Amino acid sequence: MIEAVLWDVDDTIFDFTGSERTGLLRHFEAEGLPSDEAALERWHRIAEAALLRLTAGRLTYEEYRRVRVRTFVDRPLSDIEADAWHERYEALFAAAWSAFPDAASALAALPYRQGILSNSSTVHQERRLTALGLRHHFEVLLCSDRLGCEKPDPRAFQAACAALKLPPARIAYVGDKLDVDAEGARNAGLHAIWLDRAETATPPAGIHRISTLTEVSTLLAAC
């Protein structure tokens with residue numbers, strides 16, 4: 001019997017990709033830069049390359065942000081100038097934040113305890129969920145920055161189960177990434193629910209697939 005539901009946040013409840021796209025395009029335009037698909041693709045290529053250096057320990061998080069900015073604008077910037085450029089983007093990104101249309105009603109409909117397990121920063125997810133008016137649904141909010149491990153590591157899921165004081169078999173996990181979220185949850189013993197909005201593939205054994213969050217309530221009632 002299911003007693004609790006754990007959720008991923010980015011691109012599951014919070015439309016991170018759509019919000020980021022809107023914020024970036026508005027920011028590029030405000031900075032007098034090309035604001036089109038090519039600019040978005042270039043930004044993401046630069047970000048991915050810088051992220052590899054960050055995860056390898058060759059950059060601090062602050063340096064990572066500055067490298068992205070300097071490479072993208074392709075001109076020298078002081079630390080103060082690079083930080084200010086990024087802060088202007090962050091403001092437009094925050095102004096564009098939105099939850100998926102089915103998120104609020106799906107969360108409100110569930111008669112279970114609920115929590116968050118995210119591979120992100122606690123401060124970021126607290127702020128986003130509060131701004132979206134959804135924070136009150138979750139009694140626990142766990143993020144990789146404070147856990148010291150991240151999904152799909154079973155320890156991340158085990159920590160969330162411990163926080164809820166429930167065994168994995170009584171908890172469902174909902175996330176948009178098949179490998180990180182669904183397979184990670186299944187391998188840790190939770191009921192795994194993969195949110196595949198585009199209906200891209202048939203999930204492997206032991207994983208339930210949904211295309212909208214409104215399906216969660218019906219699915220769990222049958223478990």
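The values are calculated or read from the model by the stated rules, or taken from the named source; none is laboratory data. As the structure is a prediction and not an experimental result, all values here were calculated from the model. Glycine gets a Cβ as well: all are built from the backbone with ideal geometry, and neighbour counts include every protein chain shown. Ligands, DNA and RNA are stripped out before the accessible areas are found, and what is left, the full protein with its side chains, is counted by its heavy atoms. Shrake-Rupley method; radii C 1.70, N 1.55, O 1.52, S 1.80 Å.
Tabulated data for the structure shown
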{"item": "Relative contact order [Cα under 8 Å, 6+ residues apart], the chain, whole percent", "result": "24 percent"}
{"item": "Length gained when the stretch T214-N187 is fully extended (0.36 nm per residue, less Cα-Cα span)", "result": "7.2 nm"}
{"item": "GNM flexibility winner over the chain from E37, E90, E183 (Cα, springs under 10 Å)", "result": "E37"}
{"item": "Restricting the stretch 136-192 to trypsin sites (Lys or Arg not before Pro) in coil, as DSSP defines it, with at most 14 other Cβ within 10 Å", "result": "K165"}
{"item": "Cβ charges +1 (Lys, Arg) and -1 (Asp, Glu), total dipole of the chain, debye", "result": "520 debye"}
{"item": "Apportionment of accessible area to carbon and sulfur, the chain, percent (1.4 Å)", "result": "53 percent"}
{"item": "Label corresponding to Rg and Dmax of the Cα atoms in Å when calculated from the structure given, among (i) 16.8, 58; (ii) 18.7, 59; (iii) 19.5, 57", "result": "(ii)"}
{"item": "Relative contact order, percent, the stretch 165-208 [alpha-carbon distance under 8 Å, six or more residues apart]", "result": "37 percent"}
{"item": "Solvent-accessible area per residue for the chain (1.4 angstrom probe, square angstrom)", "result": "49 Å²"}
{"item": "Residue-averaged 222 nm ellipticity for the chain, from DSSP H runs of 4+ at -39500 (n - 2.57), nearest 500", "result": "-14500 deg cm²/dmol"}
